[in-house]
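See below for the structure under consideration.
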Amino acid sequence: MAQLYGYALFHLNLAFSSVEEGRRPEIVEKCYWPLLRLAADLKVPLGVEATGYTLREINRIDPTWVETFKDMAAKGQIEFIGSGFSQLIGPLVPNDVLQANLELGQMEYERLLGFKPKLALVNEQAFSAGLIPSYTQAGFKALIMDWDACAANHDDWDKEWRFAPQRAAGPNGESIPVLWTHTVAFQKVQRLAHDDISLKDYQTYLETRRGDAPRALPLYGNDAEVFDFRPGRYKTEATSSKGANTSEWARVRSAFAAFLELPDTEFKSPSAILALDELEPAAQPLRLDSPQHPIPVKKQHKYNVSRWAVSGRDDLYANTSCWKLYNRLREASPTGWSSEAASSTNDQWRDLCYLWSSDFRTHITEKRWSGFQARMKGALAAFPQSESSGTRPRVNQPASAAIRQEERHLEIQTDKVRLRLNTRKGLAIDAVWLDTFEGPAPFATLPHGYFDDIGYGADFYTGTTILEAPGAPKVTDFAPTTPLIEEHDDAVIITAQIATPLGPMTKVIEVGKTAANLKWRLTIDWPEWPRGSLRLGNFTLNPEAFEAKSLNFWAHNGGRDTTAFPLLDQVVDHGAPVSFLVSANAGVGLTEGWMEIGDAKRRYRIEVDMTKAALLGLVTHRQVDGRSFCRVSLSASEMDETRNPIDNNNGPREFSFALAS
């Protein structure tokens, strides 16, 4: 067997969602000091990653730890790996915020350590191709990502690629070296430390990782706080070991020692693995994302991007508030983030990055959640919202509209839009044409029986609202309604009041006269918001209006540039449940407030006002009876183990989105 190189990365996070701030000194003592001792005792150059915020907190609690780390790093005994100022999810924030987070992190690292790291761990290992230019602009030369999350949707990948650094491809041909972590590998170390497997079991596992050619194995690539400390996130957490003889850090030490005792092994720093020439095949340019998972995330699919977008205690409130703060900060500094020009507003950008951290969006404690809300209110108060007149803009040449209602359909035609609504189904779109009225309607309701496949024998409505909660009947807006119709210079406005079992809903549809668009303003006034999946829009493409072979969707998942995702021969279902507990498996970030879908001839834009509600895009696509079944939904809520509805932010919620040519 050939040489086996080992490397390890420990992620430090004092902002851990389920840990109260008062316990942070305990983490430094029980987790971070043993980590340094482990590196020194075994003489292994461990990788250690922390956000700028965590490093600053460690320095506040115990500056000796930072000085010791700095000294060890200077001697090559340990390697520091960056990530940004806070642990925010790059594919869920605007590019300015992503760039600010990376560069503010680099400033903090230089201030406390005296240098800027070149290697970055992607936060929560939630990746998108669009992030690459932002990382390179911030001075990073390579990224760390999870192999298992990326390889799951690339059956054509050679499995040997996981044992060597490769290159992650960006949206426009650029690429950056990528070093892997392996989920199973780090879980083996955790299981050994928690006494779930024996040292002999672990040694057997290591032997299975050898090959005929040299390989690099990431022995560990996860949290440091899971050893000799319990955050209290789960009731099923293993009981922490007591006593020096059963220390979990001692078991981690035994794992690494077992690796070193094997013949033909060598422990290297993460950067040293990147520099090895003998690892082959290496440096393959790979698309880490895919139409199925535009934002791959570490570990199993239950850890998908929806957990930070529309789940948690109230991700919708948290993210929407961040978008409001971002827009107000942009108004105060119209050129956006710049590490040079924005020095006068660095504190505000830093606060925004902190508030956008993933740690406020999962298992956050009630005390810390209250603190988050108070801090958010204070941040918003520092940038008062500009007054709006509330009046519609004047149009120099008012356009006319033809309006006709008969039986179940309301038909409206302007110079730019032709629309047929179903008044028996809560103003669902029966068909809509935008800009050109020739040919089949691009978006429509596919009626019962449209497909022969009985699995698709239902009505697939467009422009609807659907809530699915476990153990409860589906709640929809499919109710008969008599709408109020108003004609203005620039639009026809249709308003409907819809009763649901959970409370009233007001739907307002604006039909453009001078622009080829439809706009929805939706107010849902439910006294209580249940655990479940709430999806809006549900825009169903008409298979007869698009060319299947060139069908794509385009999106900003963080970063400056859009990424294209071809749908030909792809089975995509972002909203399919992972289990009874997890209602979605993927999503689209909408970080510039829109995504597009279409073919080689025409594209349509789905826009979202993220300051009203920061929604997550969900795409469905597959071939049914030789035709493309494709729709885009906008998720306001999904269910997983982090979902914890409380009464803080219940009541009316407003949503605003649009469909445009």
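The values are calculated or read from the model by the stated rules, or taken from the named source; none is laboratory data. Note that the structure is predicted; figures quoted are calculated from it, not measured. A quick note on method: Cβ atoms are made from the backbone with ideal geometry, for glycine too, and the neighbour counts reach across all protein chains shown.
Residues in region 93-101: is at least one within 20 Å of the chain's Cα centre (by Cα), small (Gly, Ala, Ser) and under 16 Å from Asp359 (Cα atoms)? Give the steps one after another, and end with the answer.
So the first thing to find is which residues in region 93-101 are within 20 Å of the chain's Cα centre (by Cα), and the list is 93-101.
Subsequent filtering for residues that are small (Gly, Ala, Ser) retains 100.
Going one step further and asking which of them are under 16 Å from Asp359 (Cα atoms), we end up with none.
For region 93-101, residues within 20 Å of the chain's Cα centre (by Cα), small (Gly, Ala, Ser) and under 16 Å from Asp359 (Cα atoms): absent.
Inspect all residues belonging to region 492-500 and state whether any of them is in a strand (DSSP E or B), in contact with a Phe, Trp or Tyr (Cβ under 9 Å, 6 or more places away or on another chain) and of a type in the set (Ser, Thr, Tyr).
Within region 492-500, one or more residues are in a strand (DSSP E or B), in contact with a Phe, Trp or Tyr (Cβ under 9 Å, 6 or more places away or on another chain) and of a type in the set (Ser, Thr, Tyr).
May I ask you to verify whether Trp529 is more than 28 Å from Phe451 (Cα to Cα), crowded, with 23+ Cβ neighbours inside 10 Å and within 25 Å of the chain's Cα centre (by Cα)? Don't jump to the end; show me each part of the working.
On the way: more than 28 Å from Phe451 (Cα to Cα): yes; crowded, with 23+ Cβ neighbours inside 10 Å: yes; within 25 Å of the chain's Cα centre (by Cα): yes.
When the stated conditions are applied, Trp529 passes them.
For region 94-114, how many residues meet the condition of being aromatic (Phe, Trp, Tyr) and not in a helix (DSSP H, G or I)? Outline the logic, then answer.
Initially, region 94-114 is screened for residues aromatic (Phe, Trp, Tyr), giving 109.
Cutting the leftovers down to not in a helix (DSSP H, G or I) gives us none.
Residues in region 94-114 being aromatic (Phe, Trp, Tyr) and not in a helix (DSSP H, G or I): 0 in total.
Give region 37-49 a look and list any residue that's in contact with a Phe, Trp or Tyr (Cβ under 9 Å, 6 or more places away or on another chain) and either polar (S, T, N, Q) or buried (at least 18 other Cβ atoms within 10 Å of the Cβ) (or both), or say none. Show your work before the answer.
Step one: of region 37-49, the residues in contact with a Phe, Trp or Tyr (Cβ under 9 Å, 6 or more places away or on another chain) are 37-38, 42-49.
Hits for region 37-49 are Leu38, Val44, Pro45, Leu46, Gly47, Val48, Glu49.
Any residue at all in region 420-431 that's touching a strand residue (DSSP E or B) at 6+ places or on another chain (Cβ under 8 Å), within 30 Å of Glu638 (Cα to Cα) and of a type in the set (Val, Ile, Thr)?
Here is the first cut: in region 420-431, the residues touching a strand residue (DSSP E or B) at 6+ places or on another chain (Cβ under 8 Å) are 420-423, 425-431.
Pick out the ones that are also within 30 Å of Glu638 (Cα to Cα) and you get 421-423, 425-431.
Now drop any that are not of a type in the set (Val, Ile, Thr), which leaves 423, 429.
Checking region 420-431: at least one residue is touching a strand residue (DSSP E or B) at 6+ places or on another chain (Cβ under 8 Å), within 30 Å of Glu638 (Cα to Cα) and of a type in the set (Val, Ile, Thr).
Could you please let me know if Glu641 is at pLDDT 95 or above and among the charged types (D, E, K, R)? Lay out the reasoning, then the answer.
Details: at pLDDT 95 or above: no; among the charged types (D, E, K, R): yes.
Judged against the criteria, Glu641 is not a match.
Condition check: within 25 Å of Asn585 (Cα to Cα), among the charged types (D, E, K, R) and modelled with pLDDT under 95. Does Arg535 satisfy that? First the steps, then the outcome.
Working: within 25 Å of Asn585 (Cα to Cα): yes; among the charged types (D, E, K, R): yes; modelled with pLDDT under 95: no.
It is false that Arg535 is within 25 Å of Asn585 (Cα to Cα), among the charged types (D, E, K, R) and modelled with pLDDT under 95.
Just for region 418-441: of the residues that are within 21 Å of Ile485 (Cβ to Cβ) and among the β-branched types (Val, Ile, Thr), which one is surrounded by the fewest Cβ atoms within 10 Å (Cβ to Cβ)?
Ranking the qualifying residues of region 418-441, first place goes to Thr423.
Taking region 52-86, which residues are polar (S, T, N, Q), more than 17 Å from Pro25 (Cα to Cα) and either within 24 Å of the chain's Cα centre (by Cα) or in a helix (DSSP H, G or I) (or both)? Can you show your working first?
The first filter runs over region 52-86 and keeps only residues polar (S, T, N, Q), leaving 54, 59, 64, 68, 77, 83, 86.
Restricting the remaining residues to those that are more than 17 Å from Pro25 (Cα to Cα) gives 77, 83, 86.
Scanning region 52-86 gives Ser83, Ser86.
For every residue, the table says whether it meets (1) touching a helix residue (DSSP H, G or I) at 6+ places or on another chain (Cβ under 7 Å); (2) assigned by TED's automatic domain parsing to the domain that holds Trp180.
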site: Phe267; (1), (2): yes, yes
site: Ala272; (1), (2): no, yes
site: Glu280; (1), (2): no, yes
site: Leu288; (1), (2): yes, yes
site: Asp314; (1), (2): no, no
site: Tyr317; (1), (2): no, no
site: Thr320; (1), (2): no, no
site: Glu331; (1), (2): no, no
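Would you mind finding the one in Arg643, Arg603 that is in contact (Cβ under 8 Å) with a residue 24 or more places away in the chain, farther than 25 Å from Ala458 by Cα, surrounded by 22 or more Cβ atoms within 10 Å (Cβ to Cβ) and assigned by TED's automatic domain parsing to the domain that holds Tyr456?
Values: Arg603 fails: surrounded by 22 or more Cβ atoms within 10 Å (Cβ to Cβ).
Of Arg643, Arg603, the one residue that is in contact (Cβ under 8 Å) with a residue 24 or more places away in the chain, farther than 25 Å from Ala458 by Cα, surrounded by 22 or more Cβ atoms within 10 Å (Cβ to Cβ) and assigned by TED's automatic domain parsing to the domain that holds Tyr456 is Arg643.
Among the residues of region 648-656, are any touching a Ser or Thr at 6+ places or on another chain (Cβ under 9 Å), buried (at least 24 other Cβ atoms within 10 Å of the Cβ), of a type outside the set (Phe, Trp, Tyr) and at pLDDT 95 or above? Break it down into steps so the answer makes sense when it comes.
Of region 648-656, the ones touching a Ser or Thr at 6+ places or on another chain (Cβ under 9 Å) are 648, 652-656.
From what is left, the residues that are buried (at least 24 other Cβ atoms within 10 Å of the Cβ) are none.
Taking every residue of region 648-656 in turn, none turns out to be touching a Ser or Thr at 6+ places or on another chain (Cβ under 9 Å), buried (at least 24 other Cβ atoms within 10 Å of the Cβ), of a type outside the set (Phe, Trp, Tyr) and at pLDDT 95 or above.
All but one of (1) surrounded by fewer than 19 Cβ atoms within 10 Å (Cβ to Cβ); (2) among the hydrophobic types (A, V, I, L, M, F, W, C); (3) in contact with a Lys or Arg (Cβ under 6 Å, 6 or more places away or on another chain) hold for Trp157; which doesn't?
(3) is the only condition that Trp157 fails.
Could you give me the residue pairs with C-beta distances under 6 Å whose first residue belongs to region 553-570 and is at positive phi, whose second residue is surrounded by 14 or more Cβ atoms within 10 Å (Cβ to Cβ) and of a type in the set (Ser, Thr, Tyr) wherever it lies, and which are 6+ apart or on separate chains?
Close Cβ pairs satisfying both conditions: Gly558/Ser128; Gly558/Thr591; Gly559/Ser134.
Within region 366-382, track down each residue that is buried (at least 17 other Cβ atoms within 10 Å of the Cβ) and farther than 15 Å from Gly312 by Cα.
Met376, Ala379 - these are the residues of region 366-382 that are buried (at least 17 other Cβ atoms within 10 Å of the Cβ) and farther than 15 Å from Gly312 by Cα.
What tally of residues in region 288-311 results from selecting those that are among the charged types (D, E, K, R) and under 8 Å from the mean Cα position of the chain (by Cα)?
Step one: of region 288-311, the residues among the charged types (D, E, K, R) are 289, 298-299, 302, 307.
Adding the requirement that they be under 8 Å from the mean Cα position of the chain (by Cα) leaves 307.
Going through region 288-311 one residue at a time, the tally reaches 1.
Quick check: is even one residue across region 231-244 on the phi < 0 side of the Ramachandran plot, exposed (fewer than 14 other Cβ atoms within 10 Å of the Cβ), modelled with pLDDT under 95 and not in a loop (DSSP other than H, G, I, E, B)? Break it down into steps so the answer makes sense when it comes.
Going through region 231-244, the residues on the phi < 0 side of the Ramachandran plot turn out to be 231, 233-242, 244.
Okay, now just the ones that are also exposed (fewer than 14 other Cβ atoms within 10 Å of the Cβ), so 234-237, 239, 242, 244.
Okay, now just the ones that are also modelled with pLDDT under 95, so 234-237, 239, 242, 244.
When the remaining residues are screened for being not in a loop (DSSP other than H, G, I, E, B), the result is 244.
Checking region 231-244: at least one residue is on the phi < 0 side of the Ramachandran plot, exposed (fewer than 14 other Cβ atoms within 10 Å of the Cβ), modelled with pLDDT under 95 and not in a loop (DSSP other than H, G, I, E, B).
Looking at (1) in contact with a Ser or Thr (Cβ under 9 Å, 6 or more places away or on another chain); (2) closer than 25 Å to Phe553 by Cβ; (3) modelled with pLDDT under 95, can you tell me which one Asp289 breaks?
Asp289 satisfies all of (1) in contact with a Ser or Thr (Cβ under 9 Å, 6 or more places away or on another chain); (2) closer than 25 Å to Phe553 by Cβ; (3) modelled with pLDDT under 95 except (3).
State the number of residues belonging to region 427-477 that are closer than 12 Å to Gly537 by Cα, part of a loop (DSSP other than H, G, I, E, B) and under 29 Å from the mean Cα position of the chain (by Cα).
The total comes to 3.
Return the residues of region 119-150 that are under 21 Å from Lys299 (Cβ atoms), in contact with a Gly (Cβ under 6 Å, 6 or more places away or on another chain) and small (Gly, Ala, Ser); say none if nothing qualifies.
If the condition is that a residue be under 21 Å from Lys299 (Cβ atoms), in contact with a Gly (Cβ under 6 Å, 6 or more places away or on another chain) and small (Gly, Ala, Ser), then Ala120, Ser128, Ala129 are the ones that fit.
Here's a check for you: in region 115-140, which residue that is in contact with a Lys or Arg (Cβ under 8 Å, 6 or more places away or on another chain) and not in a helix (DSSP H, G or I) is farthest from Phe10 (Cα to Cα)? Write out each step before concluding.
Filtering region 115-140 down to residues in contact with a Lys or Arg (Cβ under 8 Å, 6 or more places away or on another chain) leaves 118-119, 124-126, 129-130, 133-134, 139-140.
Subset that is not in a helix (DSSP H, G or I): 118-119, 126, 139-140.
Numbers: Lys118: 17, Leu119: 14, Ala126: 17, Gly139: 21, Phe140: 19 Å.
Result: Gly139.
Given the structure, is Ala564 surrounded by fewer than 18 Cβ atoms within 10 Å (Cβ to Cβ), closer than 23 Å to Pro94 by Cα and outside the structural domain of Ser17 (by TED's automatic domain parsing)?
Numbers: surrounded by fewer than 18 Cβ atoms within 10 Å (Cβ to Cβ): yes; closer than 23 Å to Pro94 by Cα: yes; outside the structural domain of Ser17 (by TED's automatic domain parsing): yes.
When the stated conditions are applied, Ala564 passes them.
I'd like to know if region 305-318 contains one or more residues that are of a type in the set (Ser, Thr, Tyr) and modelled with pLDDT under 90. Before you say what the answer is, go through the steps one by one.
Quick first cut of region 305-318, residues of a type in the set (Ser, Thr, Tyr) only: 306, 311, 317.
Now narrow it down to the ones that are modelled with pLDDT under 90: none.
Among the residues of region 305-318, not one is of a type in the set (Ser, Thr, Tyr) and modelled with pLDDT under 90, which makes the answer no.
Checking Gly52 against (1) out of contact with any Gly (no Cβ under 9 Å at 6 or more places or on another chain); (2) surrounded by 20 or more Cβ atoms within 10 Å (Cβ to Cβ); (3) small (Gly, Ala, Ser): exactly one of these is not met. Which one?
Answer for Gly52: the failing condition is (1).
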